[in-house]
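Take this structure, written in structure tokens, and hold onto it; I'll ask about it next.
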Amino acid sequence: MNSCLLWDFDGVIVDSIEECLLVSYNAFLKYEMISNDFFEDVKSIPVSVREEFRKTRKYVRRAGGYYILHQAMALGQKIQDRAGFEELFEDNIQAVKDYEDFFFSARVQLRAQRPQYWLDLHHPYAWVKDKWEGLKQFFDFYVVSNKDVFSISLLLRNAGLALEEDHLFGQEFSSDKRMIIKHILDQTKVEKGRILFVDDNYYHLLDVRDLGVQLFFATWGYGELPLKLDNEITFLNVGNFDEQLLKGKK
């Protein structure tokens, strides 16, 4: 029986920051009733918004977190660190939840209106594509993401990395990756030590460390590191990530 390799999607398999910017900005404008206009091109978004989004994207975990980034920009506030982001998140928790419906609706609209442009806003990481088939010989692949499964499936197929849909877990199942991984453990009956989880958000890894799975931090993604590092989390670099993962195979 193979070990299982669980991939996060955005920031690990693909660079999707432009798509998330465009979708989240449209969703914010509609949610706040600022404008009925729908932007179909990243370049039509103000440069100041694009630049600030790239700086603060690292704080977002679930889709509703994008609301906090755009709200802060609209109010002229600067999010200086994760603590500041989390405080705003908790103060606006109902808006965060309500905004998510607008976010996923905006994604559906963009995908319908400009399907090829939407696909092209996602850039698969070349080093992941290069090592994908080689790693697949040793692992059963799963995707554990806060993105919707339909989008994940389309993008994987477009990149030549298609997986069975029952191996894709997204926001429809849960926005809690811990819950998803517990489900995979129960479903596969694979020993927890033979489950490897790769994410570019260090805090997602911390959330599941007590489950006993092996944890890997993708350094090429959007995430930032906390002041205190966990010695049970292995860092993956572009040049050697496949070697590190294969060391974890049992």
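Taking the condition of being outside any loop (DSSP other than H, G, I, E, B) and basic (Lys, Arg), how many residues in region 63-94 meet it?
Total meeting the criteria: 1.
Condition first: surrounded by 15 or more Cβ atoms within 10 Å (Cβ to Cβ), more than 10 Å from the chain's Cα centre (by Cα), among the aliphatic types (A, V, I, L, M) and not in a helix (DSSP H, G or I). Now tell me which residues in region 6-62 satisfy that.
Across region 6-62, the qualifying residues are LEU6, ILE45.
With respect to VAL149, is the statement that it is at pLDDT 95 or above, crowded, with 22+ Cβ neighbours inside 10 Å and within 18 Å of the chain's Cα centre (by Cα) true?
No: the conditions fail for VAL149.
Do any residues in region 79-94 that are more than 13 Å from LYS58 (Cβ to Cβ) have Cβ atoms under 6 Å from those of residues that are at pLDDT 95 or above and in a helix (DSSP H, G or I), where the two are at least six apart or on different chains, and which pairs are they?
Cβ pairs passing all conditions: LEU88/ILE68; PHE89/ILE68.
Could you please find all residues in region 211-250 being in contact (Cβ under 8 Å) with a residue 24 or more places away in the chain, farther than 24 Å from ASP176 by Cα, out of contact with any Ser or Thr (no Cβ under 7 Å at 6 or more places or on another chain) and not in a loop (DSSP other than H, G, I, E, B)?
PHE241, ASP242, LEU246
Do any residues in region 30-43 that are assigned by TED's automatic domain parsing to the domain that holds GLU100 have Cβ atoms under 8 Å from those of residues that are exposed (fewer than 11 other Cβ atoms within 10 Å of the Cβ) and at pLDDT below 95, where the two are at least six apart or on different chains, and which pairs are they?
Short answer, once both residue conditions are applied: LYS30/ASN36.
Let me ask you something else. Quick check on my filter: what residues within region 109-126 are surrounded by 15 or more Cβ atoms within 10 Å (Cβ to Cβ) and not in a loop (DSSP other than H, G, I, E, B)?
GLN109, LEU110, ARG111, TYR117, TRP118, LEU119, PRO124
Let me ask something additional. Looking at (1) over 27 Å from GLU19 (Cα atoms); (2) of a type outside the set (Asp, Glu); (3) free of Cβ contacts under 8 Å to residues at least 40 places away in the same chain, which is the only condition PHE173 fails?
For PHE173, the failing item is (1).
The values are calculated or read from the model by the stated rules, or taken from the named source; none is laboratory data. Only a predicted model underlies this, so the values are computations on that prediction, with no experimental measurement involved. Virtual Cβ from ideal backbone geometry, glycine too; neighbours counted across all protein chains shown.
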